[in-house]
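These notes concern the structure reproduced below.
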Amino acid sequence: MFANKRIILYELKLENFYDADRSGFGNFKGMQAKLQYFKDLNVDIVAIDDILNQYQNNFNLEEIKNKYGSIKDFVDVVSLFQKNHIELAPILDLSNIKQSFINWNNMMNLYKLNNEINAEEKNLYLTKLDTYLLNKPFNQISLYDIFEFIKYFETILNFYLKLNVNAIILDNFEFLASAELKDEKKTGFINDLYKIIKRKNPNITVIFKSSNNNSFLYKKLISSKNKSFDYLYLTYLSVTQNKNKLKLNFKRKLNYNYVFKFIKTFSRYSNVIIALDSNKSGRFISKWGSEKSYFSESLKSILLFLYAGNNSIGLYYGDEIGLLRANFKDDFSFNDENFNEEKRFYQSKNIKLESFFLYHSYFNKLSSYTQMPWDSKLSLNYKNNENIFYAINHKENNIQSNLENKDSGLLFIYFLNKLIFDTKYEEFFMTNKFSIKHKRGFFMFKKSLKNEQLIFLINLSPRHKKIISPNDCLILSSSYINKFYSELPNQLSPFESLILLKSKN
């Protein structure tokens, strides 16, 4: 258990991360092969989707094993990572916990049949229909719902505990705080769920992951005397302005005031994990950064913004190199059966097809399911997987190119991790003398400790910003790596950011 220290969580999509044995799908062995990569990133927890999802509506055990790996492969990865001080945390969708139970039941049947019955007899016991059961998602609270919910949840929890999992992420938990409950009882079910988990294993790290922006609930959980979580994982910034009305007037213009309000509220807490990206929307760097002239500068400023608070850090795979939106073909329908109907509606509003398609390319969640690019080549391993998308910049921007480029986002994260977690400046992130100011896309973070101040000047906008520079400051780093500073500037260029150290003596 991490005892609320500041951590780095790395969320990935197993299928798209790394294929170690040419199965056509990312797999457990692929994660195992990239252990050193996670260590280099200083990752504490690797978050993956519920592994029981692989058994949904599937009655071919060997096919599952050949794609993703067996349960034993998963246990081996968990054990190896724990020996290297990294926990694997499955993400459980609480509103859909019955589906996990159905998947678990199917998995148990498959392994039982595989061990006890020969291949010719299997079809007598299990058919395709056996894996399809009616599943009603939980979205409200009643005594019966709670009884059913706990029954399913404990089964899944016990399954993971038997696999020696020491961290778990609970997604879509907000429905447990029913609107019908009084304020003083709103967090009661969440508190009880936390206690149930801790009774099973006091040392397991329990992380609640947000599905919407219920700031009132999150603040209540943080301030509650009754502990309800070890970490609160907030991903709502990833869907900022992710609204259909943008299609009517397509402008990628970030609402900085909203971002400031969110960061000011939650970035003070080490037990709050803040992420800028998630699988709920397109890539953050494509929507709010720069894909061309200021690519590396905008990437580094956005990463610095994430690191500048006292919060724990959430990285969605590819964030560390600035992975961009997926390269969809012009006729791609984004797996939406109403796509053509919606397209015709916006055409009736004189929205060009190109603009409509571009909006989806930037904001649709499928744009976040891109293959993790390890080099400039298209992986031949994935040729049998039709669901693999490649980022538009994967040939020029991949792990190999980032390691060779001193101006890369990946090396900048290595620098930030060293600065914040492994130098004397670590103390600045434990102090309550912490302030945040904002003006039209320019953010200033100040952290005071004894006779020194650590100051972050961050320009998240594509425009020049006039600033009043603090006096007598030492420049520790800049997002403009090739820029020489003879003195502190009185303005910041687009996406230019500085880390300063000021002595008060």
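The values are calculated or read from the model by the stated rules, or taken from the named source; none is laboratory data. Quantities reported herein were computed from a predicted structural model and do not represent experimental measurements. Because the Cβ atoms are built from the backbone with ideal geometry, glycine has one as well, and the counts that use them run over all protein chains shown. Surface areas here come from the heavy atoms of the whole protein model, side chains and all, with no ligands, DNA or RNA. Shrake-Rupley method; radii C 1.70, N 1.55, O 1.52, S 1.80 Å.
Could you tell me whether K349 is within 16 Å of the chain's Cα centre (by Cα), open to solvent by 10 Å² or more (accessible area, probe 1.4 Å) and at pLDDT below 95?
On the way: within 16 Å of the chain's Cα centre (by Cα): no; open to solvent by 10 Å² or more (accessible area, probe 1.4 Å): yes; at pLDDT below 95: yes.
Judged against the criteria, K349 is not a match.
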Filtering region 16-25 down to residues that are closer than 26 Å to S312 by Cα and open to solvent by 30 Å² or more (accessible area, probe 1.4 Å) yields Y18
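From L110, L61, L94, grab the single residue that is within 21 Å of the chain's Cα centre (by Cα) and at pLDDT below 95. Break it down into steps so the answer makes sense when it comes.
On the way: L110 fails: within 21 Å of the chain's Cα centre (by Cα); L61 fails: within 21 Å of the chain's Cα centre (by Cα).
Result: L94 is the single residue among L110, L61, L94 that is within 21 Å of the chain's Cα centre (by Cα) and at pLDDT below 95.
Among what's in region 305-330 and is in contact (Cβ under 8 Å) with a residue 24 or more places away in the chain and open to solvent by 50 Å² or more (accessible area, probe 1.4 Å), pick the residue that is farthest from I285 (Cα to Cα). Reasoning before the result, please.
Pass one, region 305-330, residues in contact (Cβ under 8 Å) with a residue 24 or more places away in the chain: 305-328, 330.
From what is left, the residues that are open to solvent by 50 Å² or more (accessible area, probe 1.4 Å) are 327, 330.
Details: N327: 15, D330: 22 Å.
The selected residue is D330.
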When you go through I48, I86 one by one, which is the residue that is within 24 Å of A391 (Cβ to Cβ), in contact (Cβ under 8 Å) with a residue 12 or more places away in the chain and either out of contact with any helix residue (DSSP H, G or I) (no Cβ under 9 Å at 6 or more places or on another chain) or among the hydrophobic types (A, V, I, L, M, F, W, C) (or both)?
-> I48
Of the conditions (1) open to solvent by 20 Å² or more (accessible area, probe 1.4 Å); (2) at pLDDT 95 or above; (3) over 30 Å from F421 (Cα atoms), the single one that I51 does not satisfy is (1)
Quick one: in region 473-494, of everything that is assigned to a loop (DSSP other than H, G, I, E, B) and of a type in the set (S, T, N, Q), which residue is surrounded by the fewest Cβ atoms within 10 Å (Cβ to Cβ)?
-> S486
Restricted to region 214-241 and to residues being open to solvent by 10 Å² or more (accessible area, probe 1.4 Å) and in a helix (DSSP H, G or I), the residue farthest from N201 (Cα to Cα) is V239
Hey, among S224, S293, S281, S210, which residue is in the same structural domain as I169 (by the TED database), touching a strand residue (DSSP E or B) at 6+ places or on another chain (Cβ under 6 Å), more than 21 Å from I436 (Cα to Cα) and at pLDDT below 95?
-> S210
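With open to solvent by less than 10 Å² (accessible area, probe 1.4 Å) and either not in a loop (DSSP other than H, G, I, E, B) or not aromatic (F, W, Y) (or both) as the only criterion, which of S355, S286, S333, S296 stands out?
Details: S355 fails: open to solvent by less than 10 Å² (accessible area, probe 1.4 Å); S333 fails: open to solvent by less than 10 Å² (accessible area, probe 1.4 Å); S296 fails: open to solvent by less than 10 Å² (accessible area, probe 1.4 Å).
It is S286.
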Provide a single number: the residues in region 399-450 that are assigned to a loop (DSSP other than H, G, I, E, B), in the same structural domain as L476 (by the TED database) and modelled with pLDDT of 90 or more.
-> 2
Here the residues within region 336-367 that are free of Cβ contacts under 8 Å to residues at least 24 places away in the same chain and among the hydroxyl-bearing types (S, T, Y) are S348
